[in-house]
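See below for the structure under consideration.
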Amino acid sequence: MNTARIVVLAIAIGAGGIAAYLASGSGDKPAPAQPVAQIQTVDILVAKSDIGLGQSVKPDDLQWQTWPASTASSNFISRASRADAVKEITGSIARAPFIAGEPIREPKLVRADGSGFMAAILPAGFRAISTEISPETGAGGFILPNDRVDVILTKREKSPDGTGPDVSNSEIILANVRVLAIDQAPKEKEGTSALVGRTVTLELKPEQAEMLARSRQSGTLTLALRSIADVNAAPDDQPLNKRGESLNVIRYGVASRQAVQK
């Protein structure tokens with residue numbers, strides 16, 4: 001065998017070996033592992049299931065849930081700071097509803113300590129007072145707890161000269177007050193179920209409660225449902241129509257404004 005053939009054969013054998021080595025992948029180096037970002041977490045106490053307004057909280061209503069520490073508010077209850085929180089909160093009454101998975105916040109809870117539900121959810125300095133309503137005076141049954149309403153007093157009075165027809169006076173005596181509860185019973189109407197309240201309980205300040213009690217004896221009370229957009233409006237401490245201001249007077253179905261005598 002001459003020298004040329006030996007060189008060609010050696011080159012062919014070398015090329016085949018290199019090709020086999022590359023095909024086997026043994027020459028590839030593994031890619032370096034990317035570092036995994038470690039997210040700081042914290043266990044937060046949340047509602048395991050929906051908790052309704054006025055519901056007494058049970059241990060089965062609560063659970064610990066892992067949250068990113070960066071999104072956990074300081075108002076949330078963490079296991080690290082209060083490991084016995086489930087035991088401490090059990091028996092509290094929900095002043096506002098919770099939905100499943102919502103973090104538990106103590107401002108939405110209150111300890112009853114033997115008191116009734118209404119006394120437990122009533123804010124300090126306020127009173128709960130009830131008055132009768134009907135479908136005609138209660139917005140047709142569409143007023144529900146936590147809605148805000150205006151209370152309108154309508155009175156029928158004799159005409160000043162004593163010869164004309166009676167005059168109906170209407171005025172808003174309380175504005176933007178919260179409905180605490182409403183006594184409701186189902187009523188079937190045209191195949192659908194509607195709720196009609198007979199008694200409404202309002203959240204009032206003491207002087208407002210006195211005014212409502214007096215007004216209840218002097219005329220008809222009507223509730224006017226306010227828009228949900230008014231939820232952040234501050235409740236009015238005084239009625240809109242004060243002494244020295246005007247009233248809405250209705251004569252023969254026509255409304256007009258008249259000044260009130262001081």
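Here, each number is a calculation from the coordinates, and none is a lab measurement. Small disclaimer: the values here were computed from a predicted structure and weren't measured. Positions of Cβ are generated from backbone atoms using ideal geometry, with glycine treated the same way; all protein chains shown enter the neighbour counts.
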- Message: Over all directions, how big on average is the projection of the convex hull of the alpha-carbon atoms in the stretch 41-120, in square nanometres?
- Response: 4.8 nm²
- Query: Which order do peptides 124-132, 216-224 fall in by mean Cβ count within 10 Å, highest first?
  - Reply: 216-224, 124-132
- Once the piece of chain linking R127 and E157 is laid out straight, how much longer is it, given 0.36 nm per residue of separation minus the C-alpha distance between them? 7.7 nm
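Starting from the Cα-Cα distance between S227 and I99, subtract it from 0.36 nm times their residue separation and give me the gain in nm to one decimal. Let's see the in-between values first.
Numbers: separation 128, 0.36 × 128 = 46.08 nm, distance 2.34 nm.
Working it through step by step, the gained length comes to 43.7 nm.
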